[in-house]
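Data first, discussion second: the structure below is written as structure tokens.
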Amino acid sequence: MTETVWPEQSYTSADKRVHHQLQEEMVGSSHGMLFTPREFGHEHDSLGLMHLENAHIPALPFNAERFAWLKKEILWPLIITEDAFNNLVDGMDEALQRDEVIDHLSSPERGSLVWGSNHISYADVAAFEAARTEVNVRRGIGEPTLGHHAIASRLVSMFAMPGLLDGVQQGYVVDDGLLYLGGYLQTVPASASGSRLRHLAGSDVNAPVRQKFHQLLNRGSEFFIALSGTQDKPNDDKSALVMDTVSRGTVALLTEPNEVEGAERVMTIPVFIDCNPFTNGSFSGAVDATFRMLSPRFLRGEHDMTATMEDIARVGTIEKRSGTLPIEYRKPTVVGQALGKMGVGSKDAGVYKD
């Protein structure tokens, strides 16, 4: 683990309040059944994830042996089967070889790319980021995670699990897993939980996220995000699995850079993936995940985001694993659309949901 750079005395009272609220929310929840919550204090936080001002955690130096170990001991036995993982690697490689993607990423303006998916489980972003790393490893790229960043809720930084360090010792999902695949942008969600956290923080805690996102955007980066944030859930009559409405904050993050006339700064590749290795609050073993890549596009405004989510739902219903529910998208309400157009809540609308 890297040297401590955030001494204990630098924690604020807001950092502590938010951390303890996250701990409380994990107790008795499905997250708490799967993972142990991180304790508070610098001895549990050498990278400074508990600091609300620390919105982005840089990737750790790529380690080929560590990556191979994570695939063999964590990814393939617990999350996604090796065959399904290799299929996902091939799918991402093919998407990256499309002419419009090559042109965008190689443009003088340093175009950025977003891999945006549905959110069947907390495993989806990890599976995508690992597969994207594997694409670069197979291409012989020396720094295969350079410029890659996951966007996810601060809640994920709380997750600890046994065996993640060496098969025996407890490790942290972010520190000892995701950061070997890229950087980590941690947000406060646009949900009831997120509202409580923002109240406890007493500030616009997602402002550093937006600022850092735009800095990374200017360098030319790839981002991995489950677009709606809230995990897909069955509707009341259990007839469909529903992707929740994408928050106004996320819509703004991914569309506003393209809304200046002629600007094409952020290309999105929408993806459906069915990868849920959890059952009744426990790991149930790696799944033979199915997926479908959609055509790359430049999103401009909520209308484009809604159309993209409906596309993901449509192909998801076709590509989902046998025996699972068809997919639907919960479109924004008329009131929500009106508020978004007026810019209401844009600073505290969040960029993710838990």
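From the list 282, 295, the one residue that fits, being among the polar types (S, T, N, Q), surrounded by fewer than 17 Cβ atoms within 10 Å (Cβ to Cβ), out of contact with any Gly (no Cβ under 6 Å at 6 or more places or on another chain) and touching a residue at least 60 places away in the same chain (Cβ under 8 Å), is 282. Just so you know, in region 269-303 the residues that are among the hydroxyl-bearing types (Ser, Thr, Tyr) and in contact with a Pro (Cβ under 9 Å, 6 or more places away or on another chain) include one that is modelled with the lowest pLDDT, and it is 284. Here region 32-56 is the region considered, the condition is being touching a Gly at 6+ places or on another chain (Cβ under 9 Å) and surrounded by 14 or more Cβ atoms within 10 Å (Cβ to Cβ), and the residue that is modelled with the highest pLDDT is 56. For region 143-199, the set of residues classified as more than 15 Å from residue 37 (Cα to Cα), of a type in the set (Phe, Trp, Tyr) and in contact with a Lys or Arg (Cβ under 9 Å, 6 or more places away or on another chain) consists of 180 only.
In region 187-198, the residues that are closer than 14 Å to residue 50 by Cα form Cβ pairs under 7 Å with partners that are assigned to a helix (DSSP H, G or I) and modelled with pLDDT of 70 or more, at six or more places apart or across chains, as follows: 187/154; 187/209; 188/154; 188/194; 188/197; 188/198; 197/18; 197/21.
For region 304-354, taking the residues that are basic (Lys, Arg) and over 13 Å from residue 243 (Cα atoms), the one that is modelled with the lowest pLDDT is identified as 347.
For residue 245, state whether it is within 17 Å of the chain's Cα centre (by Cα), among the β-branched types (Val, Ile, Thr), under 26 Å from residue 133 (Cα atoms) and in a loop (DSSP other than H, G, I, E, B). Against the criterion (within 17 Å of the chain's Cα centre (by Cα), among the β-branched types (Val, Ile, Thr), under 26 Å from residue 133 (Cα atoms) and in a loop (DSSP other than H, G, I, E, B)), residue 245 does not qualify. When restricted to residues that are assigned to a loop (DSSP other than H, G, I, E, B), hydrophobic (A, V, I, L, M, F, W, C) and either in contact with a strand residue (DSSP E or B) (Cβ under 6 Å, 6 or more places away or on another chain) or closer than 23 Å to residue 200 by Cα (or both), region 34-65 contains 8. Is it the case that residue 59 is surrounded by 14 or more Cβ atoms within 10 Å (Cβ to Cβ), under 19 Å from the mean Cα position of the chain (by Cα), touching a residue at least 60 places away in the same chain (Cβ under 8 Å) and closer than 27 Å to residue 216 by Cβ? So residue 59 passes the test.
Of the residues making up region 260-287, just one is among the acidic types (Asp, Glu) and either more than 25 Å from residue 148 (Cβ to Cβ) or in a helix (DSSP H, G or I) (or both), namely 261.
Among the criteria (1) modelled with pLDDT of 95 or more; (2) among the hydroxyl-bearing types (Ser, Thr, Tyr); (3) under 23 Å from residue 297 (Cβ atoms), the one residue 133 does not fulfil is (3).
Scanning region 210-247 for residues that are more than 27 Å from residue 147 (Cβ to Cβ) and either of a type in the set (A, V, I, L, M, F, W, C) or crowded, with 18+ Cβ neighbours inside 10 Å (or both) yields a count of 9. Residue pairs whose Cβ atoms lie under 7 Å apart, separated by 6 or more positions or on different chains, with the first residue in region 127-153 and touching a residue at least 12 places away in the same chain (Cβ under 8 Å) and the second aromatic (Phe, Trp, Tyr) and part of a helix (DSSP H, G or I), are 131/85; 133/67.
The single condition from (1) within 13 Å of residue 118 (Cβ to Cβ); (2) without any contact (Cβ under 8 Å) to a residue 40 or more places away in the chain that residue 256 fails is (1). Answer with yes or no whether residue 240 is touching a Pro at 6+ places or on another chain (Cβ under 7 Å) and over 28 Å from residue 133 (Cβ atoms). The answer is yes for residue 240. Is it the case that residue 128 is more than 20 Å from residue 30 (Cβ to Cβ), modelled with pLDDT of 95 or more and touching a Ser or Thr at 6+ places or on another chain (Cβ under 8 Å)? Yes: the conditions hold for residue 128.
Residue count for region 91-118, restricted to those that are of a type outside the set (Gly, Ala, Ser) and surrounded by 14 or more Cβ atoms within 10 Å (Cβ to Cβ): 12.
The values are calculated or read from the model by the stated rules, or taken from the named source; none is laboratory data. Keep in mind that what you see is a predicted model, and the values were worked out from it rather than measured. Virtual Cβ from ideal backbone geometry, glycine too; neighbours counted across all protein chains shown.
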